[in-house]
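Here the structure comes first, spelled out in structure tokens, and everything after it is commentary.
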Amino acid sequence: MSYFVIIRGPLGIGKSSLAKELSKILGAEYISMDSLLEELGLDKVPETEECIPAKNFIKADEHILPKARNKLKDGKIVVFDGNFYHKEQIDHLIKNLSYHEHYVFTLKAPLKVCIERDKQRAKPYGKWATIAVYNLVSRFDCGTIVNTENKTLHQVTEEILSYLPKPL
């Protein structure tokens, strides 16, 4: 059974660790939207904007959609990982992969937790970037809300898996 999963949330929430773990367990294709934005040079914030514009995220979607469609067509599961702070990007992915079942999860924890987790990265983004992205992501909720505070990666993974179809 093919379907796709979108894991969204602020910096330091554990999206990438979770998405990679889910992909491993499910035998899914893992797609990091943040890495794709960087790879395509779409990760820059114009001086006139408060953040990376939605059109850049849509361009990244367009770039990865053929690969995602092929994987889904072949019966694979696809896991997208990113901040997804523009609702348009989520809507764009869902619309363009509309013939497949999908699940969206918004990961949440207090800002101070995200700041502390970001500090533990090999390459931290920093307090102000973490605050900015936290505020952008927090503008709207989408899909199933999962609180990650005081939970291990294993606990959050099990919670997400409980919402997904069981393998045949």
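The values are calculated or read from the model by the stated rules, or taken from the named source; none is laboratory data. This is a predicted model, so every value here is computed, not measured. Don't worry about glycine lacking a Cβ; one is built from the backbone with ideal geometry, like all the others, and counts go over all protein chains shown. Accessible surface is based on the protein model in full, side chains and every heavy atom, while ligands, DNA and RNA are left aside. Shrake-Rupley method; radii C 1.70, N 1.55, O 1.52, S 1.80 Å.
Mind listing whichever residues of region 96-115 are open to solvent by 70 Å² or more (accessible area, probe 1.4 Å) and modelled with pLDDT under 95? Listed by number, the residues that qualify are SER98, TYR99, GLU101. Selection of region 133-147 for residues being within 13 Å of LEU111 (Cβ to Cβ) and out of contact with any Cys (no Cβ under 7 Å at 6 or more places or on another chain) yields VAL133, ASN135, VAL137, SER138. Of the residues making up region 76-93, those that are open to solvent by 40 Å² or more (accessible area, probe 1.4 Å), out of contact with any Ser or Thr (no Cβ under 7 Å at 6 or more places or on another chain) and under 23 Å from MET1 (Cβ atoms) number 0. For region 146-168, the set of residues classified as of a type in the set (Val, Ile, Thr) and assigned to a loop (DSSP other than H, G, I, E, B) consists of THR148, THR152, listed by residue number. For region 9-34, the candidate set comprises residues that are among the charged types (D, E, K, R) and under 15 Å from the mean Cα position of the chain (by Cα); within that set, the residue that is modelled with the lowest pLDDT is ASP34. Condition test on PHE140, is it among the hydrophobic types (A, V, I, L, M, F, W, C) and either open to solvent by 50 Å² or more (accessible area, probe 1.4 Å) or outside any loop (DSSP other than H, G, I, E, B) (or both)? Criteria not met by PHE140. Of all residues in region 29-75, those satisfying the criterion of being open to solvent by less than 80 Å² (accessible area, probe 1.4 Å) and charged (D, E, K, R) are GLU29, ASP34, ASP43, ASP61, ARG69, LYS71. Tell me, please, whether a residue that is under 23 Å from GLU101 (Cα atoms), aliphatic (A, V, I, L, M) and under 10 Å from the mean Cα position of the chain (by Cα) can be found in region 35-58. Scanning region 35-58, I find no residue that is under 23 Å from GLU101 (Cα atoms), aliphatic (A, V, I, L, M) and under 10 Å from the mean Cα position of the chain (by Cα), so the answer is no. It is to be established whether one or more residues within region 60-68 are of a type outside the set (Gly, Ala, Ser), over 15 Å from PHE105 (Cα atoms) and touching a His at 6+ places or on another chain (Cβ under 6 Å). Yes, because at least one residue in region 60-68 is of a type outside the set (Gly, Ala, Ser), over 15 Å from PHE105 (Cα atoms) and touching a His at 6+ places or on another chain (Cβ under 6 Å).
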